[in-house]
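Here the structure is laid out as C-alpha cells; the discussion comes afterwards.
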Amino acid sequence: MSGTSKVALAFSGGLDTTVCVPLLEEEYDYDEVIGVTVDVGQPAGEFDEAEETAEALGLDHYVVDAKAEFADLCLDAVTANATYQTYPLGTALARPIIAEAILGVAEDEGCDAVAHGCTGKGNDQLRFEAVWRDSDLEVIAPVRELGLTREWEMEYADEKGLPVEGGNEGDWSIDTNLWSRSVEGANLEDPGYVPPEDIYEWTDTPGGKDVETIELTFEDGYPVALDGQEIDPVELIETLNDLAGSHGVGRTDMMEDRMLGLKVRENYEHPAATTLLNAHEALEGLVLTKEEREFKQQVDHQWAEKAYQGLLSAPLVDALDGFVAQTQTKVTGTVTVKFEGGQARPVGRESEYAVYSESAASFNTESVDGIAQEDATGVAKYHGFQSRLANEVTADAEAKKAELLADGNGEATEEDQ
Ligand code: ARG
C-alpha cells in the first residue's frame, strides 16, 4: 500500500460506530478514518449527535443527502405493494442507498476500505456488504470480527474517554428514516412483553382525533398529489407521516424472521407507508383484472423478499420491475382514504382505467352488451358440474367396493364352516 491507508466508516455517532474509529486505527492499522453519515430522513438530532461525536473524536466527517433518492425507492416499493411479513421495509430499503453513498465518498477520497459497525446477528451487515463487495475496496466489520459486546464497548469507550452518551430511551435500539421508525432490543426482545405507549414517537394513541379524509392521486402507480395539490415524494411522505401519525396509523408489532434464521420481536411505526400502500392497493383493485392481481401478488412477494435481503440489484428484480411497470400503466386515478381508529382505510376510488361497468354490475339493468340475465342460466347449470360428477363417480365406486367386500366375506364365512 502506497502512502497513507484510509478507511471510510458508516458513522452515526452511536456507541458501535464510535468505538470503531479507534479500533480501525489500533486493530486494523489504518492511518486515517473518515466518517460518513447518509441522510435518509433521520431526525435532525441524529445529525447533531453524529456531528458532535465526530468533532470530539477529531474524525473527518461527511454528510451525504440521499433523501430524494430514498423517497423515490420507497415509492417504487409502493408500486410493488412491498411489505415483509407486514413490515414496510424502511430499514431494509435504506441500507443499499446508504451503502452506495458511502462507497461514493470512499472512492472520491481514495479510501482502501469501507467499514460498518453492524453486529454479526442482524440483517444490515448483509445489506451493506452486498453493495460493497461489488467494489474493489476491502470490507471491514469490526464489531462482528472482533466479537464485541455492548458491555465491552461501553468499558472501552470509558477507558479511552470516547464521547458516548449513556444509552437512548429505555436502551431500545432505534432506526429512523423517512419510511419507518424501528424500535427493538432491551425489554422489547421478550415477545410477550407489551410495549408501553412511550416507545411510539410518530404515532399518537389511536382514537384521540376526529375522523379525517384525504385524497391521493396516482399516476402510473406513483402518488403525485395530495388533496389535489401536486407534491414531491419527500414532502408527501413527511406530510403523511405527520397527518396519519396523528391518527395513530401505521403501528406494527411483529415477530420478524431475519435472514440468518433468528426470529426477532420488532416494533415499527410507518404512517405514510401504511397510507400509501393501502391507497395504492385499493386503486389496483379497481383497474387490474383478477388474474393480473393474483399474479402480481407473487411478483410483489418476490420483490419484497429481495428488498428485505438488500438485493434489489438482482437480475430477478429487473424482470419483476418489468412486470410491475407494465401493470402500473393503468394505476392512474384517485383514492379517498379515511383515517379512523388507527387505520388508513380506502373508502373511495376512481380511475379512467376502472375495469368496471356500472350497468353490468347493477341490479337495475336488463341486458349489457347483448347479454341478458337469463343467459346466465346455462352457466349456472354447468357451474360445479365437474365436482358433482367426481363425487357421484366416487360414491358409485365405493358402493361397488363395499358390495364386493360383503360378497367376499360371505363366501369366506361359508368355507370356514
Ligand atoms: N429488523 C429490521 C430489518 O432488518 C430493522 C432493524 C432496525 N434496527 C434497529 N436498530 N432498530 O429491516
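The values are calculated or read from the model by the stated rules, or taken from the named source; none is laboratory data. None of these values were measured; they are calculated from a predicted model. Reconstructed Cβ throughout: ideal geometry from the backbone, glycine too, with neighbour counts over all protein chains shown. Ligands, DNA and RNA are excluded from the accessible area calculation, which covers all protein heavy atoms including side chains. Shrake-Rupley method; radii C 1.70, N 1.55, O 1.52, S 1.80 Å.
Return one number: the angle in degrees, 0 to 90 and rounded to the nearest 10, between the long axis of the Cα atoms of helix 315-328 and the longest principal axis of the Cα atoms of the chain. Tilt of helix 315-328: around 60 degrees.
Arrange the residues S387, S359, S182 by how much accessible surface each exposes, largest first, with a 1.4 angstrom probe.
S387, S359, S182
Projected onto their three principal axes, the Cα atoms of the range 12-170 cover extents of 50, 40, 28 Å, largest first. Diagonalising the gyration tensor over the Cα atoms of the range 117-229 and scaling each eigenvalue by 5 before taking the square root yields semi-axes of 36, 25, 13 Å, largest first.
For the chain, the solvent-accessible area with a 1.4 angstrom probe is 52 square angstrom per residue.
Of the residues L226, L73, T119, the one whose Cα sits farthest toward the positive end of the charge dipole of the chain, with +1 on the Cβ of Lys and Arg and -1 on the Cβ of Asp and Glu, is L226.
A cut-off of 5 Å between modelled amide H atoms, ignoring neighbours fewer than 5 places along the same chain, links E138 with A113, V114.
Over all directions, average the projected area of the Cα convex hull of the range 298-417 and note it in nm².
19.2 nm²
With N the number of residues in the range 22-94, Rg(Cα) / (2.2 N^0.38 Å) evaluates to 1.46. Amide H to amide H, with H built 1.01 Å from N, V368 comes under 5 Å of no residue 5 or more places away or on another chain.
Calculated on the alpha-carbon coordinates, the convex hull of the range 52-106 measures out at 99 cubic angstrom per residue. Extension gain, N187 to V368, is 59.0 nm, computed as 0.36 nm per intervening residue step minus the present C-alpha separation.
Counting trypsin sites (Lys or Arg not before Pro) as exposed when in a DSSP loop with at most 16 other beta carbons within 10 Å, what is the longest stretch of the chain free of them? That would be 259-417. Along the axis of the charge dipole computed for the range 48-143 (Cβ charges of +1 for Lys and Arg, -1 for Asp and Glu, origin at the Cα centre), the listed residues T53, L93, L103 are led at the positive end by L93.
The C-alpha atoms of the chain define a longest principal axis, and helix 271-287 lies at about 30 degrees to it. Solvent-accessible area of the chain (1.4 angstrom probe, protein heavy atoms only): carbon and sulfur portion equals 47 percent.
Evaluated at q = 0.08, 0.13, 0.14 Å⁻¹, the base-10 log of the normalised Debye intensity for the chain, with identical point scatterers placed on the Cα atoms, takes the values -0.57, -1.15, -1.28.
FRET efficiency for the pair E215 and D108, taken as 1/(1 + (r/R0)^6) with r the Cβ-Cβ distance and R0 = 51 Å, rounds to 0.70. Measuring between alpha carbons in the structure, the pairs from K306/K338; K209/K338; K290/K330; K121/K306; K6/K121 lying more than 22 angstrom apart are K306/K338; K6/K121.
Mean separation of Cα pairs under 8 Å and 6 or more residues apart, divided by the residue count, gives the chain a relative contact order of 16 percent. Seen against the Cα atoms of the chain and their longest principal axis, helix 385-416 is set at about 70 degrees.
The calculated FRET efficiency for the pair Q229 and T205, based on their C-beta separation and a Förster distance of 41 Å, comes to about 0.90.
Given their separation in residues at 0.36 nm each and the Cα-Cα distance between them, T377 and D242 gain 43.2 nm when the chain is fully extended. Once both labels are positioned 7 Å from their Cα atoms along Cα-to-Cβ, the gap between D198 and E145 label points is 4.0 nm. When the convex hull of its Cα atoms is viewed from all sides, the range 87-164 shows a mean projected area of 6.5 nm². Between A157 and K400, residue separation times 0.36 nm minus the direct Cα-Cα distance comes to 79.1 nm.
Its Cα gyration tensor gives the range 187-258 an equivalent ellipsoid. The semi-axes, each the square root of 5 times an eigenvalue, are 30, 16, 10 Å from largest down. Summarising the amide proton neighbourhood of S180: residues at separation of 5 or more, or on other chains, whose placed amide H is nearer than 5 Å comprise an empty set. Computed over protein heavy atoms with a 1.4 angstrom probe, the accessible surface ordering of E159, E151, E26, largest first, is E159, E151, E26.
Comparing mean-square fluctuations of V224, V393, V234 from a GNM of the chain with C-alpha springs under 10 Å, the top value falls on V393. Across the range 221-230, coupling constants 3J(HN,Hα) worked out from phi with the 6.51/-1.76/1.60 Karplus curve, θ = phi - 60°, read x, 9, x, 10, 9, 10, 6, x, 9, 4 Hz, and Gly and Pro carry x. Per-residue surface analysis assigns F385 an accessible area of about 100 Å², computed on protein heavy atoms at 1.4 Å probe radius.
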